[in-house]
1. Where in region 24-50 is the amide nitrogen less than 17 Å from a point lying 7 Å along the Cα-to-Cβ axis of residue 61?
2. Got a sec to turn the phi values of region 15-31 into Karplus ³J(HN,Hα) couplings, 6.51 cos²θ - 1.76 cosθ + 1.60 with θ = phi - 60°, whole Hz, x for Gly and Pro?
3. ³J(HN,Hα) across region 45-59 via Karplus (A = 6.51, B = -1.76, C = 1.60, θ = phi - 60°), whole Hz, x for Gly/Pro?
4. Of all DSSP beta bridges located in the chain, what percent are antiparallel, nearest 5?
5. At 7 Å along Cα-to-Cβ for each site, give me the label-to-label distance between residue 23 and residue 69 in nm.
6. Kindly provide the helix-only [θ] at 222 nm of the chain, computed as the sum of -39,500 (n - 2.57) over DSSP H runs of four or more divided by all residues, to the nearest 500 deg cm²/dmol?
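Values quoted throughout were computed directly from the atomic coordinates according to the rules given, and no laboratory measurement underlies them. Because the structure is predicted, anything quoted here is derived from the model rather than measured. For neighbour counting, all protein chains shown are included, and Cβ atoms are generated from backbone atoms with ideal geometry for every residue, glycine included.
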Amino acid sequence: MKLMYYVSKIRQDNGDHEVHHETCRVVPKPENRRALGEFSDCKDAVSAAKEIYPTADGCKICSPSCNTR
Ligand SMILES: [Zn+2]
């Protein structure tokens, strides 16, 4: 199953831009996120996000397997 993924425009205190999928309960508001496209794996979504923000990282709530920090 593919999900729409988003990267937050807001940098966290640790410098990361978190990557969320559309059903995450903490997904940023539309004005605070950029759409990455549909992916079946958060790793592909984080790779796409890193083209925009090199410090992109998976959200620990919706994408724990892609959360490295
Ligand atoms: Zn999330």
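1. 24-34
2. Along region 15-31, the couplings run x, 7, 10, 6, 9, 10, 9, 4, 9, 5, 6, 10, 4, x, 4, x, 6 Hz.
3. Going residue by residue, I get 5, 5, 4, 5, 5, 5, 5, 9, 10, x, 9, 4, 8, x, 5 Hz, with x marking Gly and Pro.
4. 75 percent
5. With each label point 7 Å from Cα toward Cβ, the separation is 2.8 nm.
6. That comes out to -3500 deg cm²/dmol.
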